[in-house]
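K.L.:
Handing you this structure, nothing more for now.
Nothing in this text is a laboratory measurement; each read-out follows from the coordinates by a stated rule. Since this is a predicted model, take the numbers as computed values, not measurements. Here the Cβ is made from the backbone with ideal geometry for all residues, glycine too, and neighbour counts use every protein chain on show.
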Amino acid sequence: MITIGIIIALLPILIVGGCYAMVELYAHGKVYDNAHDVPHRRVGLVLGTNPKVASGYTNYYFKYRMDAAAELYKAGKVDYLLVSGDNHIKQYDEPTAMRDALIQRGVPESRIVLDYAGFRTLDSIIRAREVFGQESFIVISQPFHNKRSIFIGRLNDIEVIGYNAKDVARRRTWYKQLLRESLSRVNMIIDHITGKQPHFLGEKIEI
């Protein structure tokens, strides 16, 4: 009876730890820190976030993603950048903010494609194939996010590799990021089991 109780008590930890480790193992060798090491793909998928934090200051997750995306484009590793983010209300427009930031960094507007329905990472990854026709692409975000994105690709038969933007988590807050990401990976598996799909698909857009 005690053994069963211990197993039940440990089950959530085993599930969370198992999901986290599974993503880490699969993504090994598929994420890159140096732009010159990244294999060429037609499209780099830039995952969205707000350019400002709630206090109004710069969101460094956003800044570093834009820096990494521009660097990858200038290194000749992608021909187009697909910026995918949330635009559910007029006052909140991640894709346009990303486009403007990339133009400021020297990326031609003609090489930037906007996806206004990237509400979640799952949406962005699946829409890259179903709407924008990409079976294989580079995802650009922070390392923890890239690894999960790569695994989402695996679950949906999409070949995804990652280019790492600089991370933001400070030493005193790293555990918060770890907890959020651990739960996100569990949710990713639940989404797969329940057949979760993007909020919107729509007409195909050729890149």
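K.L.:
Work out the charge dipole of the chain with +1 on the Cβ of Lys and Arg and -1 on the Cβ of Asp and Glu about the Cα centre, then indicate which of 177, 27, 66 is farthest towards its positive end.
P.N.:
Of the candidates, 177 comes out farthest on the positive side.
K.L.:
Additional query: Applying the Karplus parametrisation 6.51 cos²θ - 1.76 cosθ + 1.60 with θ = phi - 60° to the phi angles of region 22-36, what ³J(HN,Hα) value in whole Hz is obtained for each residue in order, glycine and proline being reported as x?
P.N.:
4, 5, 4, 5, 5, 7, 4, x, 10, 10, 10, 9, 10, 4, 6
K.L.:
Shifting gears a bit: Under 5 Å between amide H atoms, partner at least 5 residues away or on a different chain: which partners does residue 82 have, H built in plane at 1.01 Å?
P.N.:
When sequence neighbours closer than 5 places are left aside, the close amide H contacts are 44, 45, 46, 113.
K.L.:
Another question about this same structure. What do you get for chymotrypsin sites (Phe, Trp or Tyr not before Pro) in region 1-107 restricted to DSSP loop and a cutoff of at most 10 other Cβ within 10 Å of the site's Cβ?
P.N.:
Working: sites: 20, 26, 32, 57, 60, 61, 62, 64, 73, 80, 92; in loops: 57.
Taking region 1-107 and a limit of 10 other Cβ atoms within 10 Å, the loop chymotrypsin sites (Phe, Trp or Tyr not before Pro) found are 57.
K.L.:
Further question: Tell me, what ³J(HN,Hα) does each residue in region 190-207 have, in order and in whole Hz, if you take phi through Karplus 6.51 cos²θ - 1.76 cosθ + 1.60 with θ = phi - 60° and put x for Gly and Pro?
P.N.:
Values per residue, Gly and Pro as x: 4, 4, 5, 5, 8, x, 4, 10, x, 4, 9, 10, x, 5, 6, 10, 7, 10 Hz.
K.L.:
Suppose every Lys and Arg Cβ carries +1 and every Asp and Glu Cβ carries -1, with no other charges. What dipole size does region 16-194 come out with about its Cα centre, to the nearest 20 debye?
P.N.:
Numbers: 25 positive and 20 negative charges, 117 e Å.
Roughly 560 debye, rounded to the nearest 20.
K.L.:
Relative to the longest principal axis of the C-alpha atoms of the chain, give the angle of the C-alpha long axis of helix 94-104, reported between 0 and 90° and rounded to the nearest 10°.
P.N.:
Compared with the principal axis, the helix lies near 50 degrees.
K.L.:
So, one more: Among the lysines, select those whose C-alpha is under 22 Å from the C-alpha of residue 196, and discard any that sit fewer than 8 residues away in the same chain.
P.N.:
Straight-line reach from residue 196, under 22 Å: 147, 204.
K.L.:
When the helix-only estimate is applied to the chain (DSSP H runs of n ≥ 4, each -39,500 (n - 2.57), divided by the residue count), what is the mean residue ellipticity at 222 nm, nearest 500 deg cm²/dmol? It would help to have the intermediate numbers written out before the result.
P.N.:
Numbers: 6 runs with 96 residues, N = 207.
The per-residue figure over the chain is -15500 deg cm²/dmol.
K.L.:
How big, in percent, is the set of alpha carbon pairs in the chain lying more than 32 Å apart? The partial results should precede the final answer.
P.N.:
Working: 3473 of 21321 pairs.
Summing the P(r) tail past 32 Å for the chain gives 16 percent.
K.L.:
Calculate, in whole percent, how much of the Cα-Cα pair population of region 86-207 lies beyond 21 Å. Don't skip to the answer; put the middle values down first.
P.N.:
Details: 3347 of 7381 pairs.
For region 86-207, the share of Cα pairs beyond 21 Å comes to 45 percent.
K.L.:
Please give me, ordered by residue number, the trypsin sites (Lys or Arg not before Pro) of region 115-207 that lie in loop per DSSP and have at most 13 other Cβ atoms within 10 Å. Intermediate results must be reported in sequence, preceding the final value.
P.N.:
Values: sites: 120, 127, 129, 147, 148, 154, 166, 170, 171, 172, 176, 180, 185, 196, 204; in loops: 120, 166, 170, 196, 204.
Taking region 115-207 and a limit of 13 other Cβ atoms within 10 Å, the loop trypsin sites (Lys or Arg not before Pro) found are 170, 204.
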